[in-house]
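Chemist: There's a structure below that I have some questions on.
The values are calculated or read from the model by the stated rules, or taken from the named source; none is laboratory data. Bear in mind that the values here come from a model prediction, so they are computed numbers and not experimental data. For neighbour counting, all protein chains shown are included, and Cβ atoms are generated from backbone atoms with ideal geometry for every residue, glycine included. When the accessible area is computed, the model is the full protein with side chains, heavy atoms only, and any ligands, DNA or RNA have been set aside. Shrake-Rupley method; radii C 1.70, N 1.55, O 1.52, S 1.80 Å.
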Amino acid sequence: MVDSENSYGERVSRLVGWGHWFAFFNIIAAMLVGTRYIAASPWPDTLLGQIYLLTSWIGHFGFLVFALYLLVLFPLTFIVPSRKLFRLLAVCFATFGLTVLLIDTQAYQSINLHLSPVVWELLFNDESSPVSSDLQHLFIVLPPIFLAQLALSEWVWKKQRKLSHKHVGRPLTAVFFLCFISSHLIFIWADAYFYNPITIQKANFPLSYPMTAKSFMEKHGLLDREEYLQKLKENEGAVDLVSYPLTEIEFNRRSENLNVLIVSINNLRSDMLTAETMPVSYGFALNNQNFTNHYSSSNDDLGVFGLMYGLPSSYASSIKAQGTAPLFMSILRDQGYSFKLYSGDNFEDDIYRDTIFRKFPMVDLTVQQEGETNPPVVSDLTAIKRWQADIESGAGKPWFSYIEITTVDNFDAYQPQGTNLSPEQQFIAAYSAAATAADGEFAKILQTIADQGLMNNTVIILTSNHGTEFNETKTRSWGSNTNYSQYQLRVPMVVHWPGKLAADYTHMTSHLDLSATIMQDLSGVSTNVKNYSSGRNLFDERKRKWIIAGDTRELALITPTDTTVVDKFGNYSLYDHNYRKLDDKNPKLPILMQGFTELQRFYAKSQ
């Protein structure tokens, strides 16, 4: 059907005018829907941050809707011969666009991600999940939106001339244009000068890509390169603030005042605790509380962060920037404990000096002691001897000790000589020999505790920062920090707790559980564990749906049957218990949502 009442030029001219006003009112609609992003994001605590939020909200949705009009509907103005058909197409397109925007707001509020093909598949693959149901309910609004768009289309068509005569089109266009340009200029400045209240808003809105222009600013003398590099170095740790704990810690009883000794044999996988390889540690496990299904919170050195803080590794940079000490150690200090901290490599890893033990006295093994004739050699044996000397000197108050044994880290020194073993067999043989040597060092520690009569008033914890893989996943993975298989995450967790019966615990436990256990069972903390940890009491045998691991780039959610790994862009992979990739299955949305929530729960609400 072709209109005959107007010439082609007149019809096109009127449709173009109608399209502009139709797009304007849809901009207003998109802005109203966009307030859901603002409600789900932290409110800026500075005036400039609030101004940027307002200008980017107006400018971004104004640009987004009008750009879609120009790219899709405007060309159709010259192609579709019927004004009624064109308006129907415009109504359908606007209805679709607003519906997708609503779904995106729901995804952003639920899992803090905008829509992408991966996120879309994830959200709708499980019809039984509450979030999927909520999202599918949004499709109920399709008919009302369609009817509203039809009414808007007709109203604008009838009022087009009157609207044009009001001469408000250009001022409104100027407002949207100025807000769009201003928001990008403000972000350019904020990005160059590390203004966090603005830069953290970068991903608030969908399809938002704020401009940066550091090279341009430097070229035109608006940015000093040396000053920028200095600020970049200073702001490498500029991160979101963490509320740790979330509420004030309360107590329901006095501390038991037991000594606490944590021995971390770094790089030790759980299946090394055998009678043949580590006889002392094996006997220790038989006679105490042995958690046989225990996982580190990371596959690298950040595992010790989860052990001491009870928080996922993603919080490490924020905790470091704030200079926050492990909560259970701060409580022990307040309860009068002394601290004795030793490492076979003199705490070479920066995470100890910069974060975990930043506020506590670490023993420097390079300092020559009284009576020593030669400069001390930094080693596990040196660390143990220093610790033994401190323990034997005695002290009237309870103490906390952390001993880092690094022998297994340096297992290359235990390579078998003169054998015909393959490289793989040499790797495993050297590792096992190093584990046996570390077992002998642990024996010296236990013997000291026994000789000093401290077994009945000392909590002893044997564990590791992460495990080691012998290529069991058949992915050329040797060592650690390459995947989240059980071989790189499962580590020993053996506890000697005076008054508790020896037992094997087979329920899933995590490094995130240790600090909560010490705070509840030793220090008398009554505050709900969720207010200071992502873990729970080690002795809580209730079935858990998942445990969390990962680093600053990836999240791993481990269940009894599978492991889901998600990167910071929302891309995910699903693996079975043996870490074989499952391409034909999708992860369970509730588990993913709970994991994402845990990674956000301790961040301060106001930035």
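Chemist: Take every DSSP beta bridge whose two residues both sit in the chain, then give the antiparallel share in percent to the nearest 5. Working shown, then result.
Modeler: Working: 26 of 50 bridges.
If we restrict to bridges inside the chain, about 50 percent are antiparallel.
Chemist: Figure the gain on full extension for Asn481 and Asp45 (residue separation times 0.36 nm, minus the Cα-Cα span) and round it to one decimal in nm. Mind dumping the intermediate values first?
Modeler: Details: separation 436, 0.36 × 436 = 156.96 nm, distance 3.80 nm.
This chain segment gains 153.2 nm when fully extended.
Chemist: Take the alpha carbon gyration tensor of the stretch 264-342, find the square roots of its eigenvalues, order them as a ≥ b ≥ c, and report rounded if a/c is under 1.5; if not, report prolate when a/b exceeds b/c, else oblate.
Modeler: It is oblate, given that a/c is not under 1.5 and a/b is not larger than b/c.
Chemist: Here's another thing I want to ask about it. Report the label-to-label distance for His165 and Lys84 in nanometres (one decimal), using points 7 Å from each Cα along the Cα→Cβ vector.
Modeler: Output for this residue pair reads 2.7 nm.
Chemist: Starting from the Cα-Cα distance between Lys397 and Gln415, subtract it from 0.36 nm times their residue separation and give me the gain in nm to one decimal.
Modeler: Details: separation 18, 0.36 × 18 = 6.48 nm, distance 4.36 nm.
Full extension of this stretch gives 2.1 nm more.
Chemist: Under a point spin-label approximation (7 Å from Cα along Cα-to-Cβ), what is the Lys202-Arg542 distance to one decimal in nm?
Modeler: The two pseudo-label positions are separated by 3.9 nm.
Chemist: Now for a separate question. I need the calculated FRET efficiency for the pair Lys158 and Leu54, taking r as the beta carbon distance and R₀ as 41 Å, to the nearest 0.05.
Modeler: Working: r = 33 Å, r/R0 = 0.80.
For Lys158 and Leu54, the calculated efficiency is 0.80.
Chemist: A further question follows. Rounded, prolate or oblate for the stretch 465-607? Axes are the square roots of the Cα gyration tensor eigenvalues, ordered a ≥ b ≥ c, and the cut-off for rounded is a/c under 1.5.
Modeler: Working: a/c = 2.03, a/b = 1.30, b/c = 1.56.
Oblate shape, in that a/c is at least 1.5 and b/c is the bigger or equal ratio.
Chemist: Calculate the length of the line joining the C-alpha centroid of the stretch 407-484 to that of the stretch 199-214, in whole Å.
Modeler: 47
Chemist: I'd like the orientation of helix 8-40 relative to the chain: the angle between its Cα long axis and the longest Cα principal axis, in ° from 0 to 90, rounded to 10.
Modeler: 30
Chemist: Under the rule of at least 5 residues apart or a separate chain, name every residue whose amide H is placed under 5 Å from the amide H of Phe339.
Modeler: Phe400
Chemist: To continue, here is another question. About the Cα centre of the stretch 299-379, how large is the charge dipole given +1 on each Lys and Arg Cβ and -1 on each Asp and Glu Cβ? Please answer in debye to the nearest 20.
Modeler: Details: 6 positive and 11 negative charges, 87 e Å.
The calculated dipole for the stretch 299-379 is roughly 420 debye.
Chemist: Next up: Among rounded, prolate and oblate, which fits the stretch 409-538 when a ≥ b ≥ c are the square roots of the eigenvalues of its C-alpha gyration tensor, a/c under 1.5 means rounded, and a/b larger than b/c means prolate? Don't skip to the answer; put the middle values down first.
Modeler: Details: a/c = 3.30, a/b = 1.52, b/c = 2.16.
In terms of gyration-tensor shape, oblate.
Chemist: Okay, next question. Can you give the relative contact order of the stretch 462-577 as a percent, counting alpha carbon pairs under 8 Å and 6+ residues apart? All intermediate terms of the calculation are to be shown ahead of the outcome.
Modeler: On the way: 156 pairs, mean separation 20.0, N = 116.
Once normalised by length, the contact order is 17 percent.
Chemist: Taking only C-alpha pairs under 8 Å that are 6+ residues apart, what is the relative contact order of the chain in percent?
Modeler: Reported as a whole number, the value is 19 percent.
Chemist: Now, a different point. For Lys444 and Phe251 in the same chain, what is the full-extension length gain: residue separation times 0.36 nm, less their Cα-Cα distance, in nm?
Modeler: Numbers: separation 193, 0.36 × 193 = 69.48 nm, distance 3.58 nm.
So the extension gain works out to 65.9 nm.
Chemist: Keeping every protein chain in place, order Trp43, Trp189, Trp387 by accessible area at 1.4 Å, biggest value first, i.e. largest first. The partial results should precede the final answer.
Modeler: Values: Trp43 140, Trp189 100, Trp387 0 Å².
Descending accessible area places them as Trp43, Trp189, Trp387.
Chemist: Follow-up. I'd like the accessible area for Val242: 1.4 Å probe, protein heavy atoms, all chains in place, Å² to the nearest 10.
Modeler: 10
Chemist: How many Å² of accessible area per residue for the chain, probe 1.4 Å? Before the final figure, lay out the partial values.
Modeler: Details: 28690 Å² over 607 residues.
Result: 47 Å² per residue.
Chemist: What FRET efficiency would be calculated for the residue pair Ala174, Phe96, taking the C-beta separation as r and a Förster radius of 22 Å, to the nearest 0.05?
Modeler: On the way: r = 29 Å, r/R0 = 1.32.
My answer for the efficiency is 0.15.
Chemist: If one takes the longest principal axis of the Cα atoms in the chain, at what angle in degrees, from 0 to 90 and to the nearest 10, does the Cα axis of helix 142-165 lie?
Modeler: Computed tilt is about 50 degrees.
Chemist: Modelling each spin label as a point 7 Å along the Cα-to-Cβ direction, I'd like the Arg601/Leu501 distance in nm, to one decimal.
Modeler: Taking the two extended label points, one gets 3.1 nm.
Chemist: Shifting gears a bit: Scan (1) 0.99; (2) 1.03; (3) 1.09 for the value of Rg/Rh (Cα atoms, Kirkwood Rh) calculated from this model and give just the label.
Modeler: Recomputing Rg/Rh (Cα atoms, Kirkwood Rh) here picks out (3).
Chemist: At 222 nm, what helix-only mean residue ellipticity would the chain give, in deg cm²/dmol to the nearest 500, using -39500 (n - 2.57) for each DSSP H run of four or more? Walk me through the numbers before you get to the answer.
Modeler: Numbers: 20 runs with 269 residues, N = 607.
Taking each H run of at least 4 residues, the total per residue is -14000 deg cm²/dmol.
Chemist: Considering the dipole of the chain built from charges on the beta carbon (Lys and Arg +1, Asp and Glu -1) around the Cα centre, which of Pro279, Ile460, Ser485 is farthest to its positive end?
Modeler: Working it through, the farthest residue towards the positive pole turns out to be Ser485.
Chemist: I've got another one for you. At a probe size of 1.4 Å, how large is the accessible area of His466, to the nearest 10 Å²?
Modeler: It works out to around 10 Å².
Chemist: Going by alpha carbons, how many degrees (0 to 90, nearest 10) lie between the helix axis of 380-393 and the longest principal axis of the chain?
Modeler: Roughly 70 degrees between the two axes.
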